[in-house]
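I have placed the structure first, in the form of structure tokens, so that the comments after it can refer back to it.
The values are calculated or read from the model by the stated rules, or taken from the named source; none is laboratory data. Note that the structure is a prediction, hence the values are computed from the model and not measured. Don't worry about glycine lacking a Cβ; one is built from the backbone with ideal geometry, like all the others, and counts go over all protein chains shown.
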Amino acid sequence: MKKFAIGADIGGSHISCAVIDLEKKTILKETYSTQKVDNQASADDILKNWTIALGTSLMNIDTEQLAGIGFAMPGPFDYEIGVALFERVAKYESLYGINVAHRIADILALDEGVGIRFMNDASAFATGEAWVGKASNVDRTVCLTLGTGFGSAFVDKGVVVVERDDVPEFGCVWHLPFKDGIADDSFSTRWFIKRYFDLSNHQTAGVKEIADRIDIDVHAKEVFKEYGQNMGEFLAPWLLKFGTQALVMGGNVTGAYNLFGPYLEDALKKQHVNIQIHISDHMEDAAILGSARMFDPTFWERIKPMLAKM
């Protein structure tokens, strides 16, 4: 097995990547690279910025020891083939129909033996947590990424579960019905902004601004209380059904866990859910680690059949 792989996390406005030592399960810090990306730009410009970051990471290693590049990629995307399917999602739409794997390989002039693989970004985060993070000491974990969207994945013995009787369709929960819409409507940052405005008639830019008002505005406290209670109500049936041992959270909203976490924990206990709850130590780096793990041959054989169903 070749020693190194690059893990790349594709965010809404940037790429972060680094070389991973697959044997030591560690990020080589000197290879860490990040690049801002305009998600409304042309396909050529987006790919150019991605490859600038990847090229910076590549400069710091012996490429003969490179197994490949793994991407933690938001959807919609054909993870099996490597084709972008971004449409009506207000980001990266210029890539629609493009085989990203082929284009990246061409731009970087990669050797034929260097692979390029893709995994859903929430699944990559969960894979990283199960490999080296807070979920590494248990078998069954649910991982959430709380930010502009409501990412989720179910992990059993280190591998995300996409299709099984004890998980929702597609192995995630963002699309499931909740309240008057779907879960993504209730647990992403736009819910905070909307709910706080409904209560206070005050427009805010995001979760942090609402959190900063917690000591002076009763409406801010109410928003976090509702968020935690709603999340507990929504998650409890699936946590029980999956036999979940730990819940791991990442994403920007977790910075306010002290404001909504107690209400979440109380709501779960009321529904007889007693599990470990952790905030990720790795955050974005978990997705970088998880995407690189696709070049661990044993893990690849287990995850490969799941890609077409993500």
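Miscellaneous remarks
For (1) farther than 19 Å from Gly11 by Cβ; (2) at pLDDT 95 or above; (3) not hydroxyl-bearing (Ser, Thr, Tyr); (4) not assigned by TED's automatic domain parsing to the domain that holds Ser188, each residue gets a yes or a no:
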site	(1), (2), (3), (4)
Arg88	yes, no, yes, yes
Lys91	no, no, yes, yes
Leu95	no, yes, yes, yes
Asp106	yes, yes, yes, yes
Asn120	no, yes, yes, yes
Val142	yes, yes, yes, no
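- Hey, Ala84 within 20 Å of Ile20 (Cβ to Cβ) and buried (at least 18 other Cβ atoms within 10 Å of the Cβ) or not: no
- Subset of the range 91-127 (residues that are touching a residue at least 24 places away in the same chain (Cβ under 8 Å), part of a loop (DSSP other than H, G, I, E, B) and surrounded by fewer than 17 Cβ atoms within 10 Å (Cβ to Cβ)): Asp111
- The residues in the range 182-216 that are among the β-branched types (Val, Ile, Thr) and not in a helix (DSSP H, G or I) can be counted, and the count is 4.
- Criterion violated by Gln35 - all others in (1) in a loop (DSSP other than H, G, I, E, B); (2) touching a helix residue (DSSP H, G or I) at 6+ places or on another chain (Cβ under 7 Å); (3) at pLDDT 95 or above satisfied: (1)
- Among the residues of the range 197-218, those that are touching an Asp or Glu at 6+ places or on another chain (Cβ under 9 Å) and crowded, with 17+ Cβ neighbours inside 10 Å comprise Ser200, Ile210.
- Some residue of the range 44-52 being assigned to a loop (DSSP other than H, G, I, E, B), out of contact with any helix residue (DSSP H, G or I) (no Cβ under 7 Å at 6 or more places or on another chain) and among the acidic types (Asp, Glu): no
- Residues within the range 128-143 that are under 22 Å from Ile27 (Cα atoms), in contact with a Leu (Cβ under 7 Å, 6 or more places away or on another chain) and surrounded by 22 or more Cβ atoms within 10 Å (Cβ to Cβ), tallied: 1
- The residues of the range 11-37 that are touching a residue at least 40 places away in the same chain (Cβ under 8 Å) and under 15 Å from Gly55 (Cα atoms), listed by number, are Ser16, Cys17, Ala18, Val19, Ile20.
- Number of the exception - Lys157 against (1) touching a strand residue (DSSP E or B) at 6+ places or on another chain (Cβ under 9 Å); (2) in contact (Cβ under 8 Å) with a residue 40 or more places away in the chain; (3) surrounded by fewer than 20 Cβ atoms within 10 Å (Cβ to Cβ); (4) farther than 24 Å from Cys17 by Cβ: (2)
- Some residue of the range 257-280 being under 18 Å from Gly70 (Cβ atoms) and either buried (at least 17 other Cβ atoms within 10 Å of the Cβ) or assigned by TED's automatic domain parsing to the domain that holds Lys179 (or both): no
- Residue ID - modelled with the lowest pLDDT, chosen from residues in the range 128-139 that are assigned to a loop (DSSP other than H, G, I, E, B) and charged (D, E, K, R): Lys134
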